[in-house]
Structures are given as C-alpha cells and as structure tokens.
Amino acid sequence: MAQPSPEGGRAAPAGPGKKITARLKRTLPVRGPQAPTLSELMRWYCLNTNTHGCRRIVVSRGRLRRLLWIVLTLSAVGLILWQCAELLMNYYSASVSVTVQFQKLPFPAVTICNINPYKYSAMKEYLSELDKETKKALETFYGFSEGKSKVRRSVDDWNSTGSDFFQHIPLLKVEDFSRTATDLHTGQKRKIEGSVFHKDSSIVNSGDSNNIIGFQLCDANNSSDCALYTFSSGVNAIQEWYKLHYMNIMAQIPLETKEKLSYSADDLLLTCFFDGLSCDKRHFTRFHHPLHGNCYTFNSGENGTILSTSTGGSEYGLQVVLYIDEAEYNPFLVTSSGAKIIVHDQNEYPFIEDIGTEIEPAAATSIGMHFTRSRKLSKPYSDCTETGADIPVENLYNKSYSLQICLHSCFQKAMVDSCGCAQYAQPLPAGAEYCNYKKNPNWMYCYYRLHEKFVKEQLGCQQICKDACSFKEWALTTSIAQWPSIVSEDWMLRVLSWDKGQKLNKKLNKTDLANLMVFYKDLNERFISENPANTLVILLSNFGGQLGLWMSCSVVCVIEIVEVFFIDSLSIVLRRQWQKAKKWWRNRQQGGPGKAPQAGDPERQGHDNPVCIDEDLPTFTTALRLPLPQNSPLPRTPPPNYSTLHLETAFTEQLPDTLELDRH
Amino acid sequence: MNLKKYLVRALHRLQKGPGYTYKELLVWYCDNTNTHGPKRIIKEGPKKKLMWFFLTLLFASLVFWQWGILINTYLSYNVTSSLSIGFKTMKFPAVTVCNANPFKYSEVKPLLKELDRLIEAALERILQPGNSSEDESPPLDLELWNQIPLVLIDEHDKDNPVILDIFETNQTAVGNDTNVNNDIAGDNETMGNKTMNDFGAKPTVWSQTTAWNQTAAPPAPGNTTSEEKKYKLAVKLCSHQGSDNCTYRNFSSAAQAVTEWYILQSTSILSKVPLHERIRMGYQAEDMILACLYGAEPCNYKNFTQIYHPDHGNCYIFNWGMDEEALNSSNPGAEFGLKLILDISQQDYIPYLSSAAGARLMLHQQKSFPFLKDQGIYAMAGTETSIGVLVDELERMGYPYSDCTMNGSDVPVKNLYSQYNTSYSIQACLRSCFQNHMVEICGCGHYMFPLPEGVTYCNNEDNPGWAYCYSSLRSSIKQRQICIDSCKETCNDTQYKMTISMADWPSEASEDWIFHILSYERDMSTNVTLDRNGVIKLNIYFQEYNYRTISESAATTIVWLLSSLGGQFGFWMGGSVLCLIEFGEIIIDSVWITIINIIGWCKGLKQRRARARYPDAPPTVSELVEAHTNLGFQHEAPGAVPRAGELPPEPGTPPPNYDSLRVRPPDTLGPDSNRDTE
C-alpha cells in the first residue's frame, strides 16, 4: 500500500530521517484527503455524506434552488446546535418524585426536658449570691420586694460575702440619652462611654428614657471600649442579665455535678406507655443539655434497638405523664412552666432550645406525627452535603451532620479563636474550656460582639455551612385537652401520688403534671426524592433525535465532518501553501536573490507534513481501486457511474501536484 | 398445481437475493444500507476500512447497550411528580365532632355502678391499706372482679416477685404457667409462654407465684423508703376462669393499670347493650352542638349526621356528603369557614374511663369514616380553637407505577366499615383485618370495631377468656404484620394539614351573657347550665393557600421509549426502524444462501458419490444440459426446500453459477442489485 515515495525536490533529510519518514508513511492510517482542492473536497463530501441536505446543494439545478438548499441546510445545522446546547444546559436538572409507602415505621426519638433545668433547692449554694443581687436590683429599680425582711437580710449578707464579678457587669439604669447611668451598687452616676446597643430596636429614641435599664460590657484590656446593652422592658433586662451571670456560674460546675443537680428520670417520668405496653425509665436515655439540664430521650437507639410502631393512633404511640414540679423552678431563669419535647431522628442532635414544642401542665397534649423523608441530589445538582465531611467546620456534636450543628460549631470555633474560651450552651471543642470570669474576664464583651457579627453574617458561618442532602421530618399536629378531667381528677391524682411512692398524705397538684401523647397519625411514609432528570443515555438519545430530525445525522456524520472539514481541509490548505512556497523558492532561485521571501512560508514549512503530501495521490487512486479506463481488459465497459466520473476528473486535476514533483 | 407453481416461483424470487455468496451479500448490504457506518467500511481504503469496521462495531454495541438501559428504565415504571399550590374553590372537609367521653355518666351509672364500687374499694385498699374501712355498704360483686382481677405485685425481692390479690378471695394463682408481661419489646407473641422479655438492663425475671397465706390485707406499700418502687399493679388475664393459663399484664403505673382494667370491664358490660340504647346514653346533638355558622349561613345540629363511634359514643359529622351535596368553600379566612360552639358537659364524664376532657374532632374527606383515635385532635374546654386548613393531596398512579389501591376492591380483607357506606381507607382495612382475626381466634368481635355478620361482641359471660385472647392478639407482632402486609394504601391520599391556635373563650367580661344565652337557647330556661369547663368554640376555615396537590405522571411512556430508542440508534449510527428491517432482510437472505449452499453441497456429494460409482461413464449431453438447469427449483415439484435425500442422484459437475460475473470489480454490483428489483 505504501508506495515508494517519489523523490521530492526539496532538500532530502539524511538517511535515518528518510527511513523514519518511510515507516511513518506506511503506518499512518490516514491517507490524506479525498480530493485535491477544497471545492472538490466539499463536493465529494456533499455527494458522499450520510447527512441529508448537503447532497441537495450539489445535486439541485438552478441557482435559486441551490441557494434555498444552502439556507435550509445551514438553518438545520443552526437548529441542531441550538437545541443541543439547550439540552446540554438543562442536563443538570432534577425531577422530584414522591413515593408513599405504608409500612411499619421506626418510632422517632422523643426527647423530653423540663423547662427548668436544675432543681432550685439544689442550686441554692451556687446561685444564692446572684439571686440576692437580682432581688436587690428589683428592689432598687422597681421597688419590688417579696417578704421585706428576707431581702433586707440578704442585702446585709451581700456586703460581707459578695464576690466582685457582679461589679464588673452591674445593672445600670440609664437616666436619659445624656449617657449617664446610675450604678446599682454605688448609686453613683457615671458617664457612659462607648456605643449604645439596643437589644430591642423598637425603643430607639422612645420618649420615656427613664425606664431604660441595661448593662454595660467593656473590653477588659481597654476600658474605654464599652458597649451598653439596653432593653425596653426591665423583664428582658433582668432576665438577660441573670442569664449572663448564670452561665458564668454554671460554666464552672463540672458535668457530673450538674447532672446530679438536675432531675432524675424518676423525678420527671411518672408513667410511660408505648405501643400498648408499659414502659419505664429504662427506655429513656439521659442527655444533658446545657440550658435545659437533664433531658430524657425515649427510643434513643442507644442499646442498638430502635422501636417501631406497626399501628397508628394515639393508643399505640408513646404516652407519658410528666412531673413538672413547679416548686423547684428558678424564678429568674425560667418564667414559664411546663416541659419541652422534640421529636427527632436517633442520629440527630436535639436542639431543644431552638425547635422544641412546649407542653402545658395540667393538660393532655396530643401530638400526631406524620413522617416525611426527603432527599436532595448533591453536587452538581444542588449545593448540599451528604455527610458534612466536605464542610471545613469540625462537627462538635457527636451526631450526624445538620445545618444547625454546623452553624453552632462554627460559632463555637470562632468564639474559641477570638475569645479564648467556649460558650456555655454548646459543646466544647478539643482543648478548650468554658468561659468564666475567673479565667476570662473579658469573655462577655467578646461574646456579645461575636454574636452580633454572627447574626449579621459577618463570620462567614452561613456561607460555609450547607444544608444536608437528606433529612427526616416529623410534621407534628399538636392539640390540647384538659387533663385530668374534673371528675377523674380525684382518683387520678391519688393513684399518681401512689405511683410516685411519696408519702400518702402529700397529694400531687395537677399543675405539676403534664400528659403527653406522641403517636403516628398514619403509617404512611412520604419519601420525597430528587432524581436526575437526565441521564447520559437520555441526553445522547435526545442528541440523536435532534440530529436525526433535522439532518439525519449521526456520530458517523460527525466523524465525517471532522475528517473532511478538519483533517482533509487542513492538509489541502497546507499542501497548497507548501506548493506555493516551493514555487516561490524556485522562482527566487531562478530570479535571483532580489525577491524578498514572502510572509508565512518559513512557518508553514514547519507545519507541513511531508509524509501526507507525498504519498497521497497514488494512495487515492489505489484506494478507490478503480481500474483506469485504458487498462480495462473487459470487453464491455461498465455503465458509467456518475460519481466515478467525478472522481476521475478529480484525479486528472490532481495531477499538477505530482507533476510538479516529477518535473522537479 | 397452479398454486404449487406459484409458490415455487415466489420462493425462487425470494431466493434471488442481492447475492449468491455471503461476501456478496455483505458488500451489497454495506453499500446500500441506510445506517451510516457500513457504507464507510467498503468505501474507504484498507486501513481506514479496518478503522471503520471497528467503529461500526463499537457503535452498534453502544446502541445495544444503551437500548438495554432504556428498556430497563422503561420497565422500572418511574413517575414524575408535579406540585401545585394555590387557592381554589374546594369542597369543605367533613368535620366530625365528638365528646372525648362516650356516654353520659348519669345514663350509664346503673350499668357501671358495680364496677365503680369495685375499683373504688380496690383503690382504697391499695392506697390506704391501714384503715381499710369495713364495708358497711352492700357487698361487692366479686364475681365481676374475679373475671378480670387486678393484682398487686410485690417486687421487694426482685428475683422472686410475690403476687398479691387485692381482695381476699379463695383464688390463689398457683402454677408456673403465669408470667408477668412487662415489656414493650417485640417477641411476646404468645402470652402463655414462659419467657418474660424484660426490655432493658433487668435480667429476665420470672414470677414464681408463691403460695401465700391469706393474711389480712396486703402490706402497706407506702412503707417503702427506698427510691425503687416496690409494688406494681397488674391485670390478671386468664384464658378461662379458674384456669392456670394466666398472664399478668404488668404496668409501670397504677393509673394506667386502673384505666386499662376499667376499659376491659366496661367494654364487656357495654357490649351487651343494644345499639339504640347506647346511642340514647350518649350525647345528643341538640345538647352538644349549641351554635353553628357556616360562612354567613346559619346551621344547626340538624345539619349534622349522627354516627355511633365505639370510642367516643355519638359523633356528629358536618358536611359528610352522604345524603346531600358537599358544601364548597370559595373564600379563605375564618369568616367563611365553619364556626361551632359545643358543650361537652364535663361534669357528666365517666370518671375512670376517660381522663382527658375536651371535644375530639377530625377533618376528613367526604364519605370516609372518621378514625378519631388516629387522626383526631382535641379541643380544650373553655377555649376557642382556630384551625386553618390546607388540603394536602397526593394523587398517584396505580399499578404498575406504585402499589396502591384505587377503591380497595383488590385488597384481600373484608372491609367491615362498608356497612357505614364509607370509602376504603387503610385504617378501615387494618381494623377490619384485626376484627376478622379476633373473630377467627377468640370467637367474638371486639366492641371497638364493627361486627362481621353473625358474630356478637365479646363479653365476660359468654366468652370468659376474651380479654386474655384479645390482649395476646393485640400485642402479637405477627398479627399486625399480617394486616400490614395485606392492606394497601389508597392511591389518592388526602390529608388536612391543620394550623391550630387557641385562645381563652369566653372572655371574662363576656362570659356571663354568653352562657346565659346559650343555656337559654338549649332548654328555654333562664338557668345557666353551662360553664367554662364545658363550652368549646371552634373555627375551621381554609388558609390563604388551601391546596397543595402532588400528582404523579408516568416518567417513561411508550412514546418516550420509542423516541429514545430512535434517538440512540440515530445518534450512533443514523439508523431507523427501516434499517432494522433491512438487517432482517439480510439475515433472511443469508439463510437462503445457507440453504442453497447446503443443497449445493449435498448435490455435490451425491454427484461425487455417483461418479465414484460409475467412474468411467462420461456425462451425456442431455445430462449436461440438465445439470445447467436448476433442478432444485424446476423439476422438483414439492416443497421450497428440497431435502437432500429427495434429490435425484444426478451425476455431473455442479452447475456454473451465473453470477460468476461478480469476480469483476465492484461496479458489476450495481447492475446486479438492480436486477433484484425487477
């Protein structure tokens, strides 16, 4: 097949180079273009291509018709390109499917907390000073006192035993906006420096500035950098201030002690009934929440089994009677009474303070659940994360990833980085400890500043954290009935008191009790999932449909186009250039050095593939395997084929190239 | 004969394919097919030919692979969902209101009197064991007690709990067949077996009933000082009275034990009462529904359909759509919804039966049975409860897209709720399934569910072991699983999503006149018969967006499948169905060629054999002439494919093939193929 290459006129390379060229010629699969000139090539292409339309251009007679076909073909190409681009752009779209499955459903974990975190009586030794201080503030600012003598005495006590960190952050009464404030303890008026922050934005420039009460936080290193937090209502101010100090105190108490200070399972749970059978405290797992004390999780899955219900309805869910014990409530920390519950997955962290449902005492709260599972497609369909592993925030909670966990962890990390200690309400990162005044006198100010930044999305947490791709949701329908009813109150309280195992003469109060029912309304699980709307298969068949519809084209045609329009055309152009260059060179040699070299030619030479050029023409003829007419030994000639005629003319026209070489 | 000739000719014509050898056929196919690849194979030079050959093969296999995927996708019957949200005029949901308490205590008191005295005495003994007041009242009906007694379990010794009877009777529970059932974990399917699965840390405890002397009263439970509770109440259930096959349903809380016991006992008593009597004992519509307003139109208790619900007595359904057209609501907001004022008369509650007080209500579809225990919500007395409704519909396609049922006719469970003329629902199916099992195993129907034909409700007299049987059936996981497996959900699932808010009602300032008017309207007297503990106000209305409909449609239809198949074939090879037909034609042709070859080979064989037999005999002219004609198709009369055996053992050379012209360059193929079309 590889015919001996005719000796070229140009300076032949040395021996080994020639050998390589020869080998290349032999092994190169592509044998050059089908026609010597571009127009011939196009003609050849149009006649032989598999796509429709193109052939029409060549075949049709008349200029108008030909023009029409050109326009049609071009517009078909344009349509194909447009539609395919459209298909490509819509490739990453998702379709949503909802499936409902009726089946035995796993019961979710139900975490129950008393609203009051710790027993007030047990907390006395830690909080007595703070309470005294609060009571004093109430008396000085509002003239409130409960049992005059008691307060008076406590004020006296305070002078002797008072520690000094209340003085760091005292409650202040802001006289007006001239920025003088009355200190709670000293009674002195002092100038307030620094910016004023309003926790309640609505009070800005409210007329009655005398009522404004707040507290001031200063940077310990730079006492002039202070921030004053004021509140429109003293209730908010006192509570906020109390909480600040309370967290401070609680941060110093170790976890074991705190767990003891809080409610035990026996304290909280009076009765328990699940799926028609009795259950008790062993089915609950303790979970210590920094703000809500001991919480108890039913069906936490800790011992490896997750309970499930095979029947819907209130009888088959969880029914518990909770003992709220209002007498042990901290009067300043919590002002409402009852319990909080949250229904969550076993792997989820219960963010009770954020999304808990409150349970009223002396009532039966019935919570019907409806289970929905959702699943989003992750990248590139949407920006969500499967496991949270690709989020640069360390998960401080020992639970599976959620957006909430990420945000809290992110804030805590920022807190440790900038304040040097961790915030009390969130878990500790490795190596950090909770903030308290003894070690970090500055933390309060730092915390408030940071929190403000966090809320204003300046910390970047909201940008880093993504939502989880799959989540389970229990839609709750909460309704309340009176419980116990008037007629059943008597025996119910007696029996529950007996259950509690208390002294018989002490009867429980119905406001200390709350009845809770959590059940599945039905066992239909809704599963909402996103599916890729397109797969590669569908994309390709859509491509094929478009190509086929407009031009009856296929991948083969695409390959043809590549072959003809890129490889062949390029080689033709290159050859042309090469010949031109040679001609020019010859002319210059003949005409002397007077003529300047034309632009582009030296460069072209580098691009030129001599292998392709030299060999093409003979290959072309042999490839077609057309017997030359004069050599044909047959008595009768085959009927003239139109295409053959074309090719033959092409062949004769092709000769100048070869001739040129030969002539040389 | 004519026909045979015609057949032969037709066959001959068929046989005359585009070529007489495989190679010819292939070349012809490649040159003339409409698929894109093969043409290249023969048109290109030898190296390109090879390349094109592999490309064509590759594309063909790609096409088949992708077709496989597409057909698989089609057969998986995926659906796509479309969601629409908005407001439109919709049927107002049916609203069922019930009292949480099924019967007026004043009416059922004669029936439950004995039971109440028993439980009071029992509680007296349990709670205050010291001063057990000697009965001056008439003696207790211990017969009733002994049918399903409550027992006290003394767990001072954990491994050896002692079972104490509350009333001294001569009944001693002896035997090893008793077991304490304390667990909520699964595997206590048969209650009579010996294992007690204690779910948690506690080791398996077995209550060996100690024979205890009938001392006076049980020891005082209040004396226990330690944290651990030492006494537990349990309900003793026996398969029949006096038998040893007993089980103790243990409760962690006495309150629950008492309630459960009371429910079992009262169920047995009430099941003997005929239905009209039970309806009479329940709350009447005119007593319960004090005021009603739908949109701007007044309505009253007569607009409600009464239905007897075993859990809640008389229930009243507004807008059920059974007799009249369902009402439409075309405006959002409380002004255009249903406003109700109810009285639940809490003073008339049965003390031990229902401890929660309030109205039970439920929104459901027209013509469906209200399953209040599952879907119902409470409304508290003395409050105004506002319920904003969003209709959440899910319309699904049936088989084979999802496993759901359109009307329940294909579910193998007899729907007992069809006697209410209500539509199928999964709850109805599950309950019917349970009741059917109950009838099958226990021989009587449970009071809470409708009865199949010819069966009566269970009661202590006729079916002494029913409570035992019911308890074991109820906690049987297997039974539940059977029901879950046999019931199917409905394809159109409608839920009413409620946004519930509450406020105190009536306000203190308006309390007096409201109670006065409502009482007056009820019984035309000036006595105030209502109070805060009884009245309930309800507002039920559509929210601003009142529907959210998720409807399914098939993701892959046959049209989709065909266009995708065509797209794939077109994309890789530019082919169509016609190309497939072409290919099929080629296969038929090649079969023909094979047959001809076989015939030829056989003929050759025979001729060779014949020649071997007569090695010297030269062929005569006539023989030679005959050899040129195609014997197989002209002389051989029967059959298209003359079998080798039937051929005459003609000697001679194989006939020269006409189309030896094919040796010439490929342009002879043109005329050759043209000849086919003649």
Matching residues in region B:536-573 (in contact with a helix residue (DSSP H, G or I) (Cβ under 7 Å, 6 or more places away or on another chain) and in a strand (DSSP E or B)) number 2
Report yes if some residue within region A:511-533 is facing another protein chain (nearest Cβ under 9 Å), under 44 Å from the mean Cα position of the chain (by Cα), more than 30 Å from B:L363 (Cβ to Cβ) and in contact (Cβ under 8 Å) with a residue 40 or more places away in the chain; otherwise report no.
yes
Going through (1) in contact (Cβ under 8 Å) with a residue 24 or more places away in the chain; (2) under 30 Å from B:Y399 (Cα atoms) one by one, B:L562 fails only at (1)
In region B:374-412, what residues are hydrophobic (A, V, I, L, M, F, W, C), outside any strand (DSSP E or B) and within 12 Å of another protein chain (Cβ to nearest Cβ)?
B:M380, B:A381, B:M397, B:C404, B:V411
Does any residue in region B:286-299 that is in contact (Cβ under 8 Å) with a residue 12 or more places away in the chain come within less than 6 Å, Cβ to Cβ, of a residue that is assigned to a loop (DSSP other than H, G, I, E, B) six or more places away or on a different chain, and which pairs are these?
B:C292/B:N300
Here is a list: A:Q346, A:Q404. Which entry is surrounded by fewer than 20 Cβ atoms within 10 Å (Cβ to Cβ), outside any strand (DSSP E or B) and at pLDDT 90 or above?
A:Q346
Limited to region B:380-407, what total is found for residues that are touching a Lys or Arg at 6+ places or on another chain (Cβ under 8 Å) and not acidic (D, E)?
11
Quickly run through region A:84-113 and pick out the residues that are over 30 Å from A:I342 (Cα atoms), away from chain B (no Cβ under 12 Å) and of a type in the set (S, T, N, Q).
A:N90
So which residues in region A:473-502 are more than 7 Å from chain B (Cβ to nearest Cβ), free of Cβ contacts under 8 Å to residues at least 24 places away in the same chain and of a type outside the set (A, V, I, L, M), if there are any at all?
A:E489, A:D490, A:S497, A:Q502
Considering each residue of region A:261-302, count those that are in a strand (DSSP E or B), more than 7 Å from chain B (Cβ to nearest Cβ), free of Cβ contacts under 8 Å to residues at least 60 places away in the same chain and hydroxyl-bearing (S, T, Y), and give that number.
1
Return the residues of region A:103-131 that are touching an Asp or Glu at 6+ places or on another chain (Cβ under 7 Å) and either assigned to a loop (DSSP other than H, G, I, E, B) or surrounded by fewer than 21 Cβ atoms within 10 Å (Cβ to Cβ) (or both); say none if nothing qualifies.
A:Q103, A:L105, A:P108, A:N116, A:K119, A:Y120, A:S121
Looking at region A:358-376, can you tell me whether even one residue there is modelled with pLDDT of 90 or more, under 29 Å from A:P532 (Cβ atoms), part of a loop (DSSP other than H, G, I, E, B) and away from chain B (no Cβ under 14 Å)?
no
Could you list, in sequence order, all residues of region A:293-317 that are buried (at least 21 other Cβ atoms within 10 Å of the Cβ) and under 11 Å from A:H283 (Cα atoms)?
A:Y296, A:T297, A:F298, A:N299
Can you tell me which residue within region A:231-259, out of those that are touching a residue at least 60 places away in the same chain (Cβ under 8 Å) and charged (D, E, K, R), is farthest from the other protein chains (Cβ to nearest Cβ)?
A:K243
Picking from A:V487, A:V537, which residue would you name as being among the aliphatic types (A, V, I, L, M), within 30 Å of A:C279 (Cβ to Cβ) and either part of a strand (DSSP E or B) or at pLDDT 85 or above (or both)?
A:V487
For region B:243-346, give me every one of the strands (runs of 3 or more DSSP E) that falls completely inside it and has 1 or more residues that are at pLDDT 90 or above and within 14 Å of another protein chain (Cβ to nearest Cβ).
B:338-343
Quick test of your reading of the structure: A:K399 fulfils all but one of (1) in a helix (DSSP H, G or I); (2) under 22 Å from A:C465 (Cα atoms); (3) in contact (Cβ under 8 Å) with a residue 12 or more places away in the chain; (4) not hydrophobic (A, V, I, L, M, F, W, C). Name the failing condition by number.
(1)
Over region A:304-335, the set of residues in a loop (DSSP other than H, G, I, E, B), within 37 Å of the chain's Cα centre (by Cα) and either closer than 20 Å to A:M492 by Cα or free of Cβ contacts under 8 Å to residues at least 40 places away in the same chain (or both) is A:G304, A:T305
May I ask you to verify whether A:E394 is more than 20 Å from the chain's Cα centre (by Cα), modelled with pLDDT of 85 or more, of a type in the set (D, E, K, R) and surrounded by fewer than 18 Cβ atoms within 10 Å (Cβ to Cβ)?
no
Restricting to region B:66-82, and then to whatever is touching a strand residue (DSSP E or B) at 6+ places or on another chain (Cβ under 8 Å) and crowded, with 17+ Cβ neighbours inside 10 Å, can you tell me which residue is nearest to B:S402 (Cα to Cα)?
B:V79
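The values are calculated or read from the model by the stated rules, or taken from the named source; none is laboratory data. This structure is a prediction, so every number in the text was calculated from the model and none was measured. All Cβ positions, even for glycine, are placed from backbone atoms using ideal geometry, and neighbour counts span all protein chains on display.
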